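Here's the structure we're looking at; comments come further down.
Bear in mind that the values in this text are calculations on the coordinates, not laboratory data. This structure is a prediction, so every number in the text was calculated from the model and none was measured. All Cβ positions, glycine included, derive from the backbone under ideal geometry; neighbour counts span all protein chains shown.
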């Protein structure tokens, strides 16, 4: 028993999952204990589709990247033009990590230990010094499910991935396709390890109750962002009218283009919980820049205007996205330890956009680099607090309903895993 | 099972507590195992009064400091002149750490996450965006018991703190009050993390059998310190006579001042175990300096002489103190991990004493800075040794009777917790 | 349950040991879990003879060295010319680590805490401040079994060391004695902490299937090293003829000298598993240098030629050795954590050989310093891979039969410990 386990002394994970009450934040052990970390890997990360990369990162056959999902190491490799493959990055011989670089390009996949050599389709092509009865057909790499949705790449290590993801993909793809992320190029990528549980990272992203901490981000949001009509304070009435006009204009733009605009929110009503929304931005309304104008002169896709607001997509368990006319930003969350979470942020621009000519990298990255760092500090203080035996789940404010929905979804996943 | 747990394979904490035999040091698992670390937090640190600060550190309303006691984070804040408050440093909303600086001064206590705002009395004054039915009266900060004894501040996170502490406070306060620590100022503070269990830190402080390792400290102690009358070796006889004269003189001084002088030793005979003693110092007899003269020209309190020896106070579970005519030194011990302990040492002087004029900081701190570092090395080697499966509790020497008393007290605490 | 424990969820160590199937590598939990780390200390390192030093490191009475074997700290000290002693490095008083330097020379063994003083025979000579009834005879240092075999020093912390080690010593000593390691001097020592389980370090050493990663080492090995006669590829036929000639010549040399030459391999057929072999080297056939000539002009022992190939000795659980005409290299493996292992490599030369005159240290150390670093990278990638829940034991190639024999031996040790 560690000191932190004293928070729930006498209560098992089963007890905590069973007694969770809605309307309140989760008990501390969900965030701090090794037991829940193991459960989260098994019940959530090993069973659901995870966003881990973009097609844009692996444009050519042989391009690969490796990534860690809890104890799993996964290898993504482009086998052919549209044929992306994923495998466990573990040699079938004595289990060595097959590829140990984070990314690169190869002809075959050659284990660095004893040179077992696999094709990019996972087939074992050569294993030195084997006896005649050795059958290479029995030792292909173990596959991992993989699929791309509008240029966003998802993997699932479960034998049977959640069936409803096909529906979700069909729902969100029409929103994504016009932005042509499949052909985009990576302008930048930043890895940040936050000192908090992965659920605190996801929860933090599901509310703007804390957005006073994000001055850069707030510049492009309307001042009444997150308010219901009834809540708008008198002094923000004219700002709100400005928002309503921008929203109507944006809706008309998408209608004219024949593109979907409606908010769809299914955070806790399905296995592959998600939420998608188009929303207007303040000022020039084009991008997350100080004056709201596009950060990149070449726009993504071939839409006829830069004034497209932002497409916000949230996908459980581990990702969110902002797609704008001029660039897109993807966020992938992976658990490292009960109190450590890796956040990978990737900025995408038009494949022909040139740094220094079409965009300034600092300007492009500024808002989300700052916002991520601010969020990391908030997540760290949340983690520190919930570790106290004196912490008691508190009430969500109405503006935190999506945090609650995320927790509902999460607890349902654990219940299905534990009571299965 | 870790390697260290192999020391007690097949034995539970209950077994080890039950079979502890007096006269010998404790078995290794008491110092190395996560199970005992958890027990020590629950049975000792979460149930007893802990010395954590001095009033001198929080002179003005709004002054606060935060501290970690195992998994607990505690916030001390001055609400009014004599009104010190302590709370769990955990926001009542979603549990974020409320204040994340170690110390400072505030009007209200504002959570950095969603701006929930509490008064220095712990009442929730403002929580943004709440529905009408939200009752702030239900979400005040959770209080922690706090009390000051002669300027020394103690907290207790238990619902019902040990009742006998009032008696102990009444016993020791007359010794402390003449030195006026309540109004003193902090000259210096040093935090040291020792590589050993908190009990080894406390045990090490309860004997001078190892004092050959402390040449600086020994200068101001009489050469026969710790000897009984019968033990005094012939070659130290004249030094011992010098001690007896100094002791008689000191006793007369305190009698004349009408202040208590008697040794009181109740280390293992009550819940709030303690020991208090006035003792003469060698050389000039005033302070812990190379020649024994005062390190600070302005004396603490308003006593008419600098030749007051030292007041030694030991309070279980976690503190000891040396109060001299010219300065006081406080020591607060807090467990960090089975093999890591934080020791905070604070030097107090007269509020009007000026550094560089009335005292030289290096001279003031020299003896205890050196002694702490020497002790840290001894504690680290004790920790290393007791982790061996070959370690077997050995016999205490007669001069180590206070170590044994501390262990008796500690084992009694665990028995009361486990067999309750 | 940690994430890594999910690899074997529902399976205990007993289950894993019971279901181990031959012909395949071990399951992941053997390498990653705390439970197996504890078992390995108990069942293997606390029960078998371990190679830990050479006589050459402790030439004079009073010379000592200390070392950690899992949670044990052991003290080796020369008591007299041929009388080497080993003790638990734990004071019999309150358990402090007795000596805290890694090596040195002393008259008596004095504990740095309270000055308890022991002779180099372990007897307690002085303990200050003890009452008359204190019997020093009851508080001698706890002995550890120790013996030297041809200059190689082994310890065993078990009460009853494996009985068959005497046979093994009798078998290997005639191979070792002519090289006179007992009188050699230490030219260099390198400590390396590898990021892998100790068994992966030992397994890696039991096969040359991965030797493409060792270009420096391969220079002195014949190109058909490890091939059976039937396996020799046509293009290596002439190289193999060269090997057969060198082998015949080497055999004749040893026959002429009256020294044993035969391979003895008992890796999994006894408790003290071992393998000893003399083998020819390519090129000049004298040493591990780029051209195969001796790295040290003064030869070890008094053999009449430098062309002696190498004596390879492997001793379970934790050591291997290469003895050449001009120098010897010893390797000692000690577990630090499930995924951390200490490897100590020591180079020995003739006692009168002078650095810069008789040998260049860089040349002497080059091959094994490089080979160790290459192996450490391979071991790290093996450790990373077997931690994946997707890892499944794979088939050994015929050239890996010694790896399998090591694993057979290891699993037998665990079975004897668990089912005893």
- For chains C and B related by rotation, which residue of C has the Cβ nearest the axis, and what is the rounded distance in Å? C:34, 6
- Task: In a Gaussian network model over chain C where Cα atoms closer than 10 Å are linked, find which of C:44, C:149, C:357 has the largest mean-square fluctuation.
- Result: C:357
- Note on the structure: Rounded to the nearest 500, the 222 nm mean residue ellipticity computed for chain B from DSSP H runs (n ≥ 4, each -39500 (n - 2.57)) alone is -8000 deg cm²/dmol
- Cα-only radius of gyration and Dmax that characterise region C:33-91, units Å: 13.5, 43
- Peptides ranked, highest mean first, by Cβ atoms within 10 Å: ranges A:401-412, A:109-120: A:109-120, A:401-412
- Item | Radius, Kirkwood style, for region B:58-156 when every pair of distinct Cα atoms is counted (Å) | 13.7
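Could you work out the relative contact order of chain A? I mean the mean sequence separation of Cα pairs under 8 Å and 6+ apart, divided by the number of residues, in percent. Don't skip to the end; give the middle numbers.
Numbers: 822 pairs, mean separation 91.5, N = 420.
Averaging sequence separation for qualifying contacts and normalising by length gives 22 percent for chain A.
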- Measuring from label point to label point, each 7 Å out along Cα→Cβ, what is the residue A:82 to residue A:208 span in nm? 3.7
- Query: Dimensions of region C:167-416 along principal axes (Cα, Å, largest first)?
  - Reply: 55, 41, 37
- For region C:326-416, what's the relative contact order in percent, using C-alpha pairs closer than 8 Å and at least 6 residues apart? 16
- Any idea what the residue A:191 label distances to the other copies are, label 7 Å down the Cα→Cβ vector, nm, shortest first? 3.0, 3.0
- Can you pull the semi-axes for region B:95-244, root of five times each eigenvalue of the Cα gyration tensor, sorted largest first, whole Å? 49, 18, 16
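Rounded to the nearest 0.05, what FRET efficiency do residue A:354 and residue B:164 have when you use their Cβ-Cβ distance and R0 = 60 Å?
Computed FRET efficiency for residue A:354 and residue B:164: 0.20.
Send over the Kirkwood Rh of region A:104-187, from the inverse of the averaged 1/r over different Cα pairs, rounded to one decimal Å. Walk me through the numbers on the way to the answer.
Working: mean 1/r = 0.0624 Å⁻¹.
Averaging 1/r across every pair of different Cα atoms and inverting gives 16.0 Å.
Computed over the Cα atoms, what is the radius of gyration of region B:350-420 divided by 2.2 N^0.38 Å, N being its residue count? It would help to have the intermediate numbers written out before the result.
Details: Rg = 19.7 Å, N = 71, 2.2 N^0.38 = 11.1 Å.
Against the empirical 2.2 N^0.38 Å value, I get 1.77 for region B:350-420.
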- What are the label-to-label distances in nm, one decimal and shortest first, from residue B:298 to the same spot in the other copies, with labels 7 Å along Cα to Cβ? 7.1, 7.1
- Alpha carbons only, please: Rg and Dmax for the protein assembly as shown, in angstrom. 35.7, 107
- Sorting A:179, B:350, A:214 on the 10 Å Cβ count, fewest up front, what's the list? A:214, B:350, A:179
- What whole number of Å gives the distance from the Cα centroid of region A:111-161 to the Cα centroid of region C:246-321? 41
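Kindly state, to the nearest 0.05, the FRET efficiency for residue C:18 paired with residue A:24, given R0 = 56 Å and r defined as their beta-carbon distance. Write out the running numbers ahead of the final one.
Details: r = 46 Å, r/R0 = 0.82.
The calculated FRET efficiency here is 0.75.
Quote the relative contact order of region C:50-149 in percent (integer), defining contacts as alpha-carbon pairs under 8 Å separated by 6+ residues.
Values: 186 pairs, mean separation 23.3, N = 100.
RCO, region C:50-149: 23 percent.
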- Computed FRET value (nearest 0.05) for residue A:401 with residue C:336, which takes r as the C-beta separation and R₀ as 60 Å: 0.75
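In what sequence do A:268, B:40, A:291 fall when counting other Cβ within 10 Å, fewest first?
Values: A:268 17, B:40 25, A:291 10.
Arranged by neighbour count, lowest to highest, A:268, B:40, A:291 become A:291, A:268, B:40.
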- Along each of the three principal axes of the Cα atoms of chain B, give the extent in whole Å, ordering the values from largest to smallest. 83, 59, 35
- Output, in nm with one decimal and in ascending order, the distances from the residue B:398 label point to the matching label points of the other copies (7 Å from Cα along Cα-to-Cβ). 7.9, 7.9
